[in-house]
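The values are calculated or read from the model by the stated rules, or taken from the named source; none is laboratory data. Just so you know, these numbers come straight off a predicted model, no measurement behind them. Virtual Cβ from ideal backbone geometry, glycine too; neighbours counted across all protein chains shown. Only protein heavy atoms, including side chains, enter the accessible area calculation; ligands, DNA and RNA are left aside. Shrake-Rupley method; radii C 1.70, N 1.55, O 1.52, S 1.80 Å.
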Amino acid sequence: MKTKIVYSMKHWVFVLGLVLTGLGVQHAKAFQQDQERFSEYKGEIFDANTKKPLALASIALANSNISTVSNADGEFLLKIPASTTEGKIVIAFLGYESKTIPLNELKENGNKIPLKVSFTQLSSVNINAPKDAEKLVREVFSRRGEKYTDNNTVMTAFYRETIKKRRKNVSLSEAVVNIYKTPYTSNRNDAMKLFKARKSTDYSKLDTVALKLQGGPFNTLYVDIMKYTDFIFVDGSVDNYVFNFERSTYINDRLIYVISFSQLPSIRDPLYQGELFIDFENKTLTSAIYQLNITDRNLASKLFVRKKPARVDVWPTEVAYRVDYREKDGKWYYSYSNVLMEFKVNWKGKLFNSVYSMSAEMAITDWKKNTSGESLKNKEKIRRSIILTDEAIGFADPDFWGEYNIIEPEKSIESAIKKIQRQLRRANRSGATVP
């Protein structure tokens, strides 16, 4: 008999409630997208010098809201309405020179796109280095109403979560969600609607433990620290941290300050440490990469584990986050985020620990202003306690994903998907049922 352990990916405990089951997928209509034919462009982004693939590079159609990101292998798939025959594709990656390619120069497949490292002149660093890093951070957060989206928006997002036991995929879930995002100055939380989801879980690789992730897409949505500042800087305060200027770099040909932060040594509770990437000219946060400071494993365990057997000890060994923002027409908006966690699971009386990793990522692939004031009914909203693996219905609807931009699966995930699809085909031929 399997034992269920439920994890929450963030330690804003008040957000998440009890584990719920049987909610049912809401098959509501997504916000308006052209149902016309589309063109697909596949390729790989890599370092021009080392040939190393560049993961999480941004690929966007200029002057539009259509975008995606590259996977861990540097590969991408961008889908654009077939009626769009002219335009430019902009490829950007942290610390590299951005590249712009006319759409009519892209091939449908096999696009090899090298990016060059962007070097910062020492004179620029010396002249422009901020004298007070904390003051700069305070200014950035105080200007979110001015620099970030001040309209209600409806976003289409692709979400993926995976659970691995060591290097083996044991659970894979993907979904298209609609995010009803409120202005950055609003105190109202964003709402989400689950439009479509698919999953596979191979519990045979989980021994006697079945892991499930509570919160689903909310785990990635709340990494938007410009909107949910309190989740990292408690009560909106930066007083618990030390800030330092580290270096300068370029993103999208913009000069970026890299500001490090870490919790004060006198604070016992686990807080965060990491880097904030701040646009020099606009004083805006373009990206943040940070980790939970795990010094007390028992305390950290209480923050994340919602349910576990009495004979099992579970504690996180790594908790890491990333969020990226894009700019359009002088306003910045949430574009991408991911969460990575690693846990050790120890059954009392057993000699060896099991190591599990859980990851979740979400990319905004299109959005529009919600000028009509469209809102979700309560029954349409995803509950913040959702467990996506309980909601998804398997990989039996491949045609649905055709019109949506998704993050290309990594090689290991792609192999897992193909294995699932083969099992489904065999089951269909034999008339058997695959869970």
- For Glu86, what accessible area in Å² do you get when you roll a 1.4 Å probe over the heavy atoms of the protein chains, rounding to the nearest 10? 150
- Task: Could you pull out the pairs from Lys196/Lys379; Lys165/Lys381; Lys79/Lys112; Lys51/Lys99; Lys165/Lys199; Lys51/Lys107 whose alpha carbons sit more than 25 Å apart here?
- Result: Lys165/Lys381
- Per its Cα gyration tensor (rounded if a/c is under 1.5, else prolate when a/b beats b/c, else oblate), the stretch 34-176 is best filed as rounded
- Message: I'd like the Karplus ³J(HN,Hα) series for the stretch 144-149: coefficients 6.51, -1.76, 1.60, θ = phi - 60°, whole numbers in Hz, and an x wherever there's a Gly or Pro.
- Response: 5, x, 8, 9, 10, 3
- What does the accessible area of Asp239 come to, in Å² to the nearest 10, when a probe of 1.4 Å is used? 100
- Message: P(r) for the stretch 272-379, please, calculated from all Cα pair distances in 10 Å bins and given in %.
- Response: 11, 30, 25, 21, 10, 3, 0
- Query: Whole-Hz Karplus ³J(HN,Hα) for the stretch 237-246, in order, using 6.51 cos²θ - 1.76 cosθ + 1.60 and θ = phi - 60°, x for Gly and Pro?
  - Reply: 9, 9, 5, 8, 10, 10, 10, 9, 7, 9
- Query: Counting only residues 5 or more places away or on other chains, whose amide H sits under 5 Å from the amide H of Phe46 once H atoms are built in the peptide plane?
  - Reply: Leu54, Ile113, Leu115
- Query: Taking a ≥ b ≥ c as the square roots of the eigenvalues of the Cα gyration tensor of the stretch 207-324, is the shape rounded (a/c under 1.5), prolate (a/b larger than b/c) or oblate?
  - Reply: prolate
- Note on the structure: Long-range amide H partners of Ala57, meaning residues 5 or more apart or on another chain whose placed amide H is closer than 5 Å, are Ser70
- Task: Please sort by residue number the chymotrypsin sites (Phe, Trp or Tyr not before Pro) in the stretch 303-398 whose DSSP state is loop and whose Cβ has at most 14 other Cβ atoms within 10 Å.
- Result: Phe352
- Amide H partners (placed H, <5 Å) of Ile66, local residues excluded: Leu61
- Of all trypsin sites (Lys or Arg not before Pro) in the stretch 234-274, the ones in DSSP coil with at most 15 other Cβ atoms within 10 Å are Arg268
- Item | From phi via Karplus (6.51, -1.76, 1.60), per-residue ³J(HN,Hα) for the stretch 310-316 in Hz, x at Gly/Pro | 5, 8, 10, 9, 10, 8, x
